[in-house]
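To start, the structure itself, in structure tokens.
No value in this document is a laboratory result; all are computed from the given coordinates. Since we're looking at a predicted model, the values are computed, not measured. Cβ placement follows ideal geometry from the backbone for every residue including glycine, while neighbour counts extend to all protein chains displayed.
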């Protein structure tokens, strides 16, 4: 029986053998692997990319004080992006299950329609939840839009729920009972932060402070995006005899859009925490989501302009 | 020579609920292109169309090409002949012109299909499509991975989304071969050998032979189109869970896990049936896996049940202040207060008002947060567990009913009133702030709400003044009238003109509307009815042409001419006298009995008499007649053949 970490090693190896860069987790709080730049920004534009990484994903509202056997404040996703999606993508995916010791001939696997949408990211795609003997083990999505932008190459995104998958393989009823490493349980490693973050998110987080932080990060992201836009419009940045001639831009690659995006991610996580804390009414919710979305969409657009300015100009000509 | 045809569009898994619609479109498109009927089949991974008797090529046609006039200069004639590839001597003369009769070879069916199929496939409607070959690429429901297109033994050459048609199919994802060369004859058998049962009917039989008949139809269909090789396995769960309400257990099994619940003598048992896409489960691994998932789900439900019981529904009402109904319409606390007041206003008793008070409290429970489809039901169950009287808990339980036109209405008066009050409140509120459904956009399901009210009022025999309840909001009235029409016409099957005629005479009381409709439907086939309706229309036209408004004058009997005019008047008085105490049907029969007198009147009497006084009096007579007899139905709405 493979341990949790052994399963992760095998999956990483499997996707590494299929041309994926193995990234390390993004070092900021995110709700899902999709939100990290390795997915959100890399899926934009015409450059092919293949990457796999484990992403700890924080969902404050899902915390259960470590008491629920299946629900976690923070769970681990294995995120795989294949851009563009190969024609045999499903066979490759099924191969990854075989690689971690699932004899598919002895199990029931179904692809049930499940379309994915993230209003805060202006992103959506179509796909399935992959069901293994009645258990959802993977979300499979063909991205169509990100940050409100139609994608040039359609990536396949595979998101494995690692705890569930391991519980399935180890025949455990509770994720806390899965074996992380020989002799060490998931409970040993993670229980304390499940408990304490539940207490903090549901009972003790200072709502005023969270709002203040939200506004600070929102302000900073907005400021940077605004300056970037001004830079694109302003004089002196363009190559060429006249300012009205479109790009390519000089020095635009120096502009700190990636830090701006981190502030967007902070907003998203703070929003989730406020939501868990019960500090956002349904009415406010829609408005706050729209604020984060505006930043995310602005970010995607700016990123396209920065990374693909040359190509865009070529395409326009 | 006639040829068989086979098309298989091999895809990644298509959402089960879209498959039958897609097959219909495929069949229709094929018929429009070829004129041939076909049979269609599908699994989640393939849409298949088969036809026989296709002609090899279209018959040749002779086309006439007209040239210059017979008296045109020789050079022009020669030029025409040259252009058409014939000698001048071969030209024929017709109607004063040179013509060439050209034989155009009919196109081969293969050509027609090669060009037509991509278009037919592209026209299949799916509610949500995707692209996968790159921006602006082909859109379809899921990526197309292979295509088999055979006309007789030949591949029809075509390409869709970068996939070229061939004669190679693909088997079951796990159990079958990836590449299977097929012919039209061996196609279905080859698929079967590779664990794909092509026929949906056969897959359904295979499931039912294991589960027994009488399974939930929707779930059955879902499973038929979610599998290529369905095999039923049976599992069980700890009987302890049977202490949870059956509604909760069944929702988890059916909606969340797609299992059939198993009953014995009408009672839920601790067994379930899962339909797998496999050829069996000899080691019991699949069963154990499914049992574990179900156990986790039931554990959740049990946890929710126990947690929720710690706070009574009555104590949860205040918490509804934090649950928003709609930004401008306030919280669910405000909504439940309005429902409460309205339920009382509608004549609800103490139990109905209590039910209205508690009706939304379950929105704060963990159970409803997890299983939203159980809202209302959970409230009812909790109310029952917390000792609320039966009238109260059943009213809470039922108050979202009817959720569709097939669903039943709440079982007792209290439930009916709470349901109506809730729906009226939503409708009034949304219309009040301009949230009016347009086209397919109806986020608050207002059509369903209005439809539900109509169904409850009619089938619950509730005589409530709708128009007053609609706040006399013109837009809401129009919206409601559409729903009423839809109900009587499409659900109940009354003729559209009868519905129009009845509604034109008032629709404030829907029980009354139904009674009038039944009466008019019964009287419609009688001899006098339609001709009388035609006469009423004529009366209406005459009054309209005369721009007659009545000016409040009464009929002056002294001015009535003896004979048809006076006869009509007296007959009218007779009928009018009788009507008051008659049920609708005999009343309509009485009105219809006026027909001979009306006919005779129009036959013999000139309404537009020279003498303005007489003319005025005749118009008054007609108008009075029309007004008196339009209280049951506006007969001019009846479409007649005369």
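Top mean-square fluctuation among A:113, A:194, A:38, Gaussian network model of chain A, C-alpha springs under 10 Å?
A:113
Angle, helix A:186-199 long axis vs. longest principal axis of chain A, Cα atoms, 0 to 90°, nearest 10?
60
On C-alpha positions alone, give me the angle between the axis of helix A:207-233 and the longest principal axis of chain A, in degrees, nearest 10.
That works out to roughly 40 degrees.
Where the centroid of each part is defined by its Cα atoms, how far is region B:35-98 from region B:122-160 in Å?
Comparing the Cα centres of region B:35-98 and region B:122-160, I get a distance of 31 Å.
Show me the ranking of peptides A:256-266, A:119-129, B:213-223 by mean Cβ neighbours inside 10 Å, starting with the highest.
Most protected by this proxy first, the peptides run A:119-129, A:256-266, B:213-223.
Let's test the formula: R0 of 30 Å, r as the Cβ-Cβ distance of residue B:92 and residue B:32. What FRET efficiency results, to the nearest 0.05?
0.25
How far is helix A:89-99 tilted off the main Cα axis of chain A, in degrees rounded to 10, range 0 to 90?
40
Taking other Cβ within 10 Å of each residue's Cβ, how do A:146, A:20 sort, fewest first?
A:20, A:146
Starting with the fewest neighbours, write out B:98, B:382, A:308 ranked by other beta-carbon atoms found within 10 Å of each beta-carbon.
Values: B:98 21, B:382 27, A:308 17.
Final ranking by Cβ density, sparse to dense: A:308, B:98, B:382.
Would you work out the relative contact order for region B:61-104, in percent, from Cα pairs under 8 angstrom that are 6 or more residues apart?
Details: 57 pairs, mean separation 24.6, N = 44.
This gives 56 percent for region B:61-104.
Can you compute the helix-only [θ] at 222 nm over chain A? Use -39500 (n - 2.57) per DSSP H run of at least 4 residues, normalise by all residues, nearest 500 deg cm²/dmol. Mind dumping the intermediate values first?
Values: 9 runs with 132 residues, N = 317.
Value at 222 nm, helices only: -13500 deg cm²/dmol.
Calculate the spin-label point distance for residue B:515 paired with residue B:78, positioning each point 7 Å from the Cα along the beta-carbon direction, and give it in nanometres.
The answer from the label model is 9.5 nm.
Take the alpha carbon gyration tensor of region B:299-413, find the square roots of its eigenvalues, order them as a ≥ b ≥ c, and report rounded if a/c is under 1.5; if not, report prolate when a/b exceeds b/c, else oblate.
rounded
Report the gain in length on full extension from residue B:474 to residue B:306: 0.36 nm times residue separation, minus Cα-Cα distance, nm rounded to one decimal.
On the way: separation 168, 0.36 × 168 = 60.48 nm, distance 4.79 nm.
Extra length available between residue B:474 and residue B:306 comes to 55.7 nm.
Calculate, for residue B:159 and residue A:98, the FRET efficiency according to 1/(1 + (r/R0)^6) with r their C-beta to C-beta distance and R0 25 Å; round to the nearest 0.05.
For residue B:159 and residue A:98, the calculated efficiency is 0.20.
Which of rounded, prolate, oblate describes region B:526-637, given a ≥ b ≥ c as roots of the alpha-carbon gyration tensor eigenvalues and a/c under 1.5 marking rounded, otherwise prolate only if a/b is larger than b/c? Intermediate results must be reported in sequence, preceding the final value.
Details: a/c = 1.61, a/b = 1.52, b/c = 1.06.
Note, shape of region B:526-637 comes out prolate.
Per 0.36 nm of contour for each residue apart, how much would the distance between residue B:576 and residue B:461 grow if the chain were fully extended, relative to their Cα-Cα spacing?
Going from the current span to full extension adds 38.6 nm.
Pop the C-beta distance of residue A:117 and residue B:613 into the FRET formula with R0 = 56 Å and round what comes out to the nearest 0.05.
For R0 = 56 Å, the calculated efficiency reads 0.15.
Hey, rough spin-label estimate for residue A:22 and residue B:129, points 7 angstrom out along Cα→Cβ, what's it come to in nanometres?
Reported label-point gap for residue A:22 and residue B:129 is 4.1 nm.
Indicate the gyration tensor shape class of the protein assembly as shown (rounded, prolate or oblate), computed on the Cα atoms with a ≥ b ≥ c the square roots of the eigenvalues: a/c under 1.5 is rounded; otherwise a/b larger than b/c is prolate and the rest oblate.
Oblate shape, in that a/c is at least 1.5 and b/c is the bigger or equal ratio.
Testing the spin-label approximation: label points 7 Å from Cα along Cα→Cβ at residue B:57 and residue A:207. State their distance in nm.
8.1
Please give the calculated 222 nm ellipticity per residue for chain B, where each DSSP H segment of at least 4 residues contributes -39500 (n - 2.57) and the sum is spread over every residue; nearest 500 deg cm²/dmol? Don't skip to the answer; put the middle values down first.
On the way: 25 runs with 293 residues, N = 642.
Result for chain B, helices only: -14000 deg cm²/dmol.
What three numbers, in Å, describe the spread of the alpha carbons of region B:313-519 along their principal axes, ordered from the longest?
51, 34, 29
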